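Here's the structure we're looking at; comments come further down.
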Amino acid sequence: MIVTGASKGIGKGIARVFAGKGAKVLLAARDLAQAEAAAAEIRSAGGAASAVAADVSSPEDCTTMAAAAVERHGGIDIVCCNAGVFPAARLGEMTVADWDQVLDINLKGTFLTVNACLPALKARGMGRIIVTSSITGPITGYPGWSHYAASKAGQLGFVRTAALELAPHRITVNAVLPGNILTEGVEALGPEYIARMTSAIPQRRLGSVEDVAYAVLFLASDEAGFISGQTIVVDGGQVLPESNLALEDL
Ligand code: NAP
């Protein structure tokens, strides 16, 4: 299997959980040293993992990544399109370069990853593609993240049509929509952001990377073979309150 954006955060959690279940995992990220370190951690816990340097916004890198999985593992069965970035910029200040960077990595990167892995998935005669989207965009909004939200909502449009096109190949395509998950990327947003988000979540905690990984694990299972084009929200109930009052009343 391939997990993009696997050197840190949710992707690393997905890689660790799948390796714990016996999957051979190829961890992809731009920073090879970090991806190698994450793969080494998994190996030291008894899992099968290796790393590859790949920028998912590059078609060439995605081809190299897919070829590495085929060479090392004899094929590809599961692809987790998880790599993503979330820099903030409000409208009026957001540059075209800001917009392009986020769309190139989050949305085009999802297409390029799937596209590169498709021949190997089709050759296998079955497959699982799981995209890490977000609640931001498909369900909610957040100031500073209009480009990010567009990329994450765009991923769901991609998922639904890809699910249709790939159904005859017994390849399912689904998405997980995390709420606020405690990762390196979210920690970088600062303690104030984390405190405010914690108070906005009915469970009064941020999610763990494992919370997301186990939803991905289910979508990758044989038992989920009749589920395609769908989403699982993993957010501790964050999207549920109608208003702040509903939270205060808990
Ligand atoms: P993170 O801690 O910042 O980790 C991001 C990972 O993606 C790193 O491994 C990073 O490695 C990799 N990456 C970034 N750009 C890449 C590129 N162009 N090509 C390949 N790899 C790239 O982020 P995270 O919080 O785990 O988020 C992971 C995914 O979950 C993202 O798609 C994000 O939108 C989504 N998500 C996160 C949350 C949350 O609360 N954490 C909520 C909803 C959705 P390199 O920098 O070395 O490439």
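The values are calculated or read from the model by the stated rules, or taken from the named source; none is laboratory data. Please read all numbers here as calculations on a predicted model, not as lab measurements. Reconstructed Cβ throughout: ideal geometry from the backbone, glycine too, with neighbour counts over all protein chains shown. These accessible areas exclude ligands, DNA and RNA; they are computed on the full protein's heavy atoms, side chains included. Shrake-Rupley method; radii C 1.70, N 1.55, O 1.52, S 1.80 Å.
Name the residue that is surrounded by the most Cβ atoms within 10 Å (Cβ to Cβ), counting only residues in segment 1-37 that are out of contact with any Leu (no Cβ under 9 Å at 6 or more places or on another chain), of a type in the set (A, V, I, L, M) and closer than 22 Å to G75 by Cα.
That would be A28.
Take segment 141-195 and flag every residue that is assigned to a helix (DSSP H, G or I), open to solvent by 20 Å² or more (accessible area, probe 1.4 Å) and in contact (Cβ under 8 Å) with a residue 24 or more places away in the chain.
S146, Y148, A150, G154, F158, R160, L164, A167, H169, E184, G185
In segment 68-79, how many residues are buried (at least 18 other Cβ atoms within 10 Å of the Cβ), in contact with a helix residue (DSSP H, G or I) (Cβ under 8 Å, 6 or more places away or on another chain) and not β-branched (V, I, T)?
2
Scan segment 1-25 for residues that are part of a helix (DSSP H, G or I) and on the phi > 0 side of the Ramachandran plot and jot them down.
G9
What are the pairs with Cβ atoms under 8 angstrom where one residue, in segment 26-37, is more than 17 Å from I105 (Cβ to Cβ) and part of a helix (DSSP H, G or I) and the other, located anywhere, is within 6 Å of the ligand (Cβ to nearest atom) and hydrophobic (A, V, I, L, M, F, W, C)? Sequence gap at least six, or different chains.
Qualifying pairs under 8 Å: none.
Applying the selection to segment 196-244, what residues are under 18 Å from the mean Cα position of the chain (by Cα), assigned to a helix (DSSP H, G or I) and within 16 Å of the ligand (Cβ to nearest atom)?
Correct list: V209, E210, D211, V212, A213, Y214, A215, V216, L217, L219.
Could you grab me the full set of residues in segment 197-222 that are free of Cβ contacts under 8 Å to residues at least 12 places away in the same chain and open to solvent by less than 30 Å² (accessible area, probe 1.4 Å)?
Of everything in segment 197-222, just one residue is free of Cβ contacts under 8 Å to residues at least 12 places away in the same chain and open to solvent by less than 30 Å² (accessible area, probe 1.4 Å), namely S221.
Name the one entry in A116, A89 that is surrounded by 24 or more Cβ atoms within 10 Å (Cβ to Cβ) and either within 13 Å of T4 (Cα to Cα) or touching a helix residue (DSSP H, G or I) at 6+ places or on another chain (Cβ under 7 Å) (or both).
A116
Every residue in segment 38-67 that is within 26 Å of P119 (Cα to Cα), assigned to a helix (DSSP H, G or I) and either open to solvent by 10 Å² or more (accessible area, probe 1.4 Å) or free of Cβ contacts under 8 Å to residues at least 40 places away in the same chain (or both), please.
Answer for segment 38-67, where residues must be within 26 Å of P119 (Cα to Cα), assigned to a helix (DSSP H, G or I) and either open to solvent by 10 Å² or more (accessible area, probe 1.4 Å) or free of Cβ contacts under 8 Å to residues at least 40 places away in the same chain (or both): A39, P59, E60, D61, T63, T64, A67.
Criterion first (within 23 Å of Y214 (Cα to Cα), modelled with pLDDT of 95 or more and more than 12 Å from the ligand (Cβ to nearest atom)) does M126 satisfy it?
yes
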